[in-house]
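I have placed the structure first, in the form of structure tokens, so that the comments after it can refer back to it.
The values are calculated or read from the model by the stated rules, or taken from the named source; none is laboratory data. Note that the structure is predicted; figures quoted are calculated from it, not measured. Heads up, the Cβs are rebuilt from the backbone with ideal geometry, glycines too, and the neighbour counts pull from every protein chain shown. Each accessible area value is taken on the protein alone, full model and side chains, heavy atoms only, with ligands, DNA and RNA left out. Shrake-Rupley method; radii C 1.70, N 1.55, O 1.52, S 1.80 Å.
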Amino acid sequence: MQIDNNQLLRFTTAGSVDDGKSTLIGRLLYDSKSIFEDQLESVSNTSAKKGHDGVDLALFTDGLKDEREQGITIDVAYRYFTTPKRKFIIADTPGHIQYTRNMVTGASTANAAVILIDARHGVIEQTKRHSFIASLLNIPHLIVCINKMDLVDYSEEVYNNIVGQFEEFSSKLLMKDVRYIPISALNGDNVVNRSENMAWYQNGTLLSTLENLHISSDINKIDARFPVQTVLRPQSDKFRDYRGYAGRIASGIYRVGDEVAVLPSGFQSKIKSINAGEQEVQEAYAPMSVSITLEDDIDVSRGNMIVKQNNQPEQEQEFDVMLCWLNNEAIKPRAKYTIMHTSNEERAMIKEVVYKMDINTFERNSEDSNLEMNDIARVKIRTTRRLMLDSYRDNRNTGSIILIDESTNETVAAGMIV
Amino acid sequence: MSTQNKYYLNYLDELESEAIYILREVWAQFENPVILFSGGKDSILVTHLAKKAFYPSKIPFALMHVDTGHNFPETIQFRDDLVESLGVKLIVGSVQDSINQGRVSEEKGKNATRNALQITTLLDAIEGNKVDCAIGGGRRDEEKARAKERFFSHRNDFGEWDPKNQRPELWNLLNGKQFEGEHFRAFPISNWTEMDVWNYIKRENISIPSLYYAHEREVVFRSNSWIPMSDFLKLEENEKVHTKKIRFRTLGDITITGGIESDADTLEKIALEVSAMRKTERGDRSDDKRSETAMEDRKKQGYF
């Protein structure tokens with residue numbers, strides 16, 4: 001295996017139980033030979049117990065006791081498989097009640113979203129909802145799988161109609177890269193192996209599409225942002241004066257000698273050294289975890305951001321956010337929350353709900369300001385101190401926030417800076 | 001021709017970077033974190049990553065070992081050598097002590113183990129040492145209940161895990177806020193698979209206990225795997241002791257860890273062997289075979 005070049009691709013899957021999502025994931029794992037014998041044996045036994053013919057592929061993604069009993073997915077589950085070209089992480093998100101909360105969670109780190117459409121039903125409300133979330137979360141690549149083609153006689157016309165429907169409604173959304181693939185997860189058509197039933201489809205299978213997506217540009221390499229996580233001060237004889245600023249590069253590229261500014265203070269210095277573990281390097285880029293030392297002895301601590309002098313983020317105390325409410329308990333008007341943004345933590349107040357989004361019709365409602373679980377709204381947030389911000393569209397890492405309820409410590413909302 | 005550098009990571013570097021990020025986040029957000037150290041490859045890997053995360057400082061966490069008393073001697077030797085070379089503190093929670101204090105009682109019967117007893121000892125050690133975050137080497141690919149774990153996993157003041165009410169984890173924003181008496185488990189290598197672990201150990205040439213390499217050993221065939229002979233094993237009438245060339249794929253208690261027949265005596269050979277494996281690594285662990293939900297049930301109570 002050429003480990004040196006193999007990249008990691010994270011994708012999320014969206015669809016309801018009936019769309020065959022679990023079957024699709026089972027098929028991907030099975031046909032890519034990622035299922036072990038003891039797993040296969042356990043699933044075969046369960047399939048037989050339930051009276052299914054053959055192996056029920058959907059059972060490979062079964063998780064917790066309650067999920068198996070009820071035949072549903074409760075929480076995001078992560079699955080792994082590797083091909084000679086790439087390593088894949090699937091965030092398998094449930095399609096029912098808590099769909100938005102869970103899909104937003106799975107989508108937040110995804111390079112790609114796989115959206116399933118039942119060929120018999122075409123684009124339905126749920127498809128629009130999933131696509132809207134994918135676009136809101138700025139997932140770089142979208143793969144629309146038109147599933148159950150076996151039930152519509154592998155008809156090219158049905159496929160073309162659905163593609164047409166999708167093109168139509170999605171023209172309102174911000175999307176960069178959309179692909180369509182006709183599949184049958186149940187029979188394995190165009191999932192890993194090319195279908196013999198759809199000669200009219202000339203493009204890649206789902207797996208080959210996932211293997212070939214161009215993902216190395218998914219992370220912003222232009223705007224250098226380095227949130228400081230912690231300060232390393234060994235105070236050993238060998239490293240008496242060492243002060244390393246440890247963190248994971250959020251975006252961009254840093255080189256020794258770069259002229260940098262430390263925010264929010266604005267002090268200027270130059271990069272003296274960059275370490276990746278024990279190894280000293282001349283340059284480093286997102287998403288590497290490194291430690292950086294500066295030429296000058298200035299005060300830097302967790303929550304500060306090291307940036308290039310000629311490319312700096314906005315520093316704001318009041319800003320607009322697209323907020324997704326994640327908690328059972330509804331928003332409390334003018335309540336204070338803890339806000340986490342990169343390695344920074346402040347207190348925040350939601351000043352105003354500008355509008356609530358109807359994610360089925362994409363319509364904005366500026367009358368309704370109550371936010372409950374799974375609601376999405378544009379809000380104005382005010383923080384106790386300025387944050388170093390980029391818009392989420394430009395930078396997923398420095399454009400995202402979460403809100404924490406101080407009375408329960410729960411993560412109640414996720415936000416994307418407008 | 002000028003040489004153009006590439007600006008993307010390969011998957012092992014990306015997994016490494018993610019794990020280092022999580023370890024640093026643990027250090028920044030908690031007062032008294034420890035690494036749960038079993039002497040197995042996953043906790044050795046976490047310790048190796050912690051070394052990188054804080055270089056040139058020492059690892060700022062103590063290692064906590066829950067000692068069942070049913071150990072491989074090789075594991076204990078390895079643990080003590082590692083602790084000494086790193087210059088970190090070792091905290092040992094002893095299951096034997098918990099038994100002596102009447103906190104737990106030994107299981108009875110042929111397949112009795114101390115596996116489940118560890119939960120009490122672990123939670124006592126966490127509470128007694130005022131640990132607010134225990135870093136573990138759990139991986140989501142290991143078991144279906146673990147597939148649902150967060151990087152930062154909240155435990156209530158009984159040390160319990162509530163899989164249906166977990167905090168959502170978005171982007172790389174980790175919420176480690178807790179009330180008095182609660183604690184967190186952190187899983188920096190959540191996204192690694194067994195294969196990733198071996199490829200990385202090979203790449204970094206990380207030292208691991210000799211038990212992982214093929215060696216000759218006296219074993220008994222039980223529950224479909226080769227269980228090593230030890231003072232703790234009671235032979236059944238029809239059981240025979242064999243001498244086999246075996247190695248261990250995972251390390252747990254000497255009483256429940258089954259070996260596999262193998263000639264793999266180098267990291268290269270082990271990685272090659274693992275890549276051709278058709279069974280999951282926990283398939284040889286009798287603690288997971290007790291029922292469909294053995295891991296889920298133990299995890300809810302506070303298991304590793």
Number of the exception - B:ARG155 against (1) over 16 Å from the mean Cα position of the chain (by Cα); (2) more than 11 Å from every other protein chain (Cβ to nearest Cβ); (3) open to solvent by 10 Å² or more (accessible area, probe 1.4 Å); (4) at pLDDT 90 or above: (3)
Tell me, which strands (runs of 3 or more DSSP E) wholly within the stretch A:208-256 include 3 or more residues that are more than 21 Å from A:GLU345 (Cα to Cα)? A:253-255
Quick check on my filter: what residues within the stretch B:92-103 are surrounded by fewer than 17 Cβ atoms within 10 Å (Cβ to Cβ) and touching a residue at least 12 places away in the same chain (Cβ under 8 Å)? B:VAL92, B:GLN96, B:ASP97, B:ARG103
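Picking from B:THR193, B:THR250, which residue would you name as being closer than 26 Å to B:LEU45 by Cβ, at pLDDT below 90 and of a type in the set (S, T, N, Q)?
Numbers: B:THR193 fails: at pLDDT below 90.
Exactly one of B:THR193, B:THR250 is closer than 26 Å to B:LEU45 by Cβ, at pLDDT below 90 and of a type in the set (S, T, N, Q), namely B:THR250.
If a residue must be touching a Leu at 6+ places or on another chain (Cβ under 6 Å) and away from every other protein chain (no Cβ under 11 Å), how many such residues does the stretch B:159-185 contain?
1
When you go through B:GLU74, B:GLU107, B:GLU84 one by one, which is the residue that is open to solvent by 20 Å² or more (accessible area, probe 1.4 Å), over 28 Å from B:SER190 (Cβ atoms) and modelled with pLDDT of 90 or more?
On inspection, the qualifying residue turns out to be B:GLU84.
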What pairs can you find where one residue is in the stretch A:37-48 and without any contact (Cβ under 8 Å) to a residue 40 or more places away in the chain, the other is open to solvent by 50 Å² or more (accessible area, probe 1.4 Å) and in a helix (DSSP H, G or I), and their Cβ atoms are less than 9 Å apart, with a gap of 6+ or different chains? A:LEU40/A:TYR30
When you go through A:MET349, A:MET373 one by one, which is the residue that is open to solvent by 30 Å² or more (accessible area, probe 1.4 Å), within 13 Å of chain B (Cβ to nearest Cβ), in contact (Cβ under 8 Å) with a residue 24 or more places away in the chain and aliphatic (A, V, I, L, M)? A:MET373
If a residue must be open to solvent by 10 Å² or more (accessible area, probe 1.4 Å) and not in a helix (DSSP H, G or I), how many such residues does the stretch B:192-226 contain? 16
With respect to A:ALA286, is the statement that it is under 24 Å from the mean Cα position of the chain (by Cα), within 14 Å of chain B (Cβ to nearest Cβ) and not acidic (Asp, Glu) true? yes
Positions within the stretch B:3-60 being open to solvent by 40 Å² or more (accessible area, probe 1.4 Å), facing chain A (nearest Cβ under 7 Å) and touching an Asp or Glu at 6+ places or on another chain (Cβ under 6 Å), in sequence order: B:TYR55
Single unsatisfied condition, A:TYR159 versus (1) assigned to a helix (DSSP H, G or I); (2) within 23 Å of the chain's Cα centre (by Cα); (3) crowded, with 19+ Cβ neighbours inside 10 Å: (2)
Reported set for the stretch A:353-369 where residues are open to solvent by less than 60 Å² (accessible area, probe 1.4 Å) and either at pLDDT 90 or above or at positive phi (or both) is A:VAL353, A:VAL354, A:TYR355, A:LYS356, A:MET357, A:PHE362
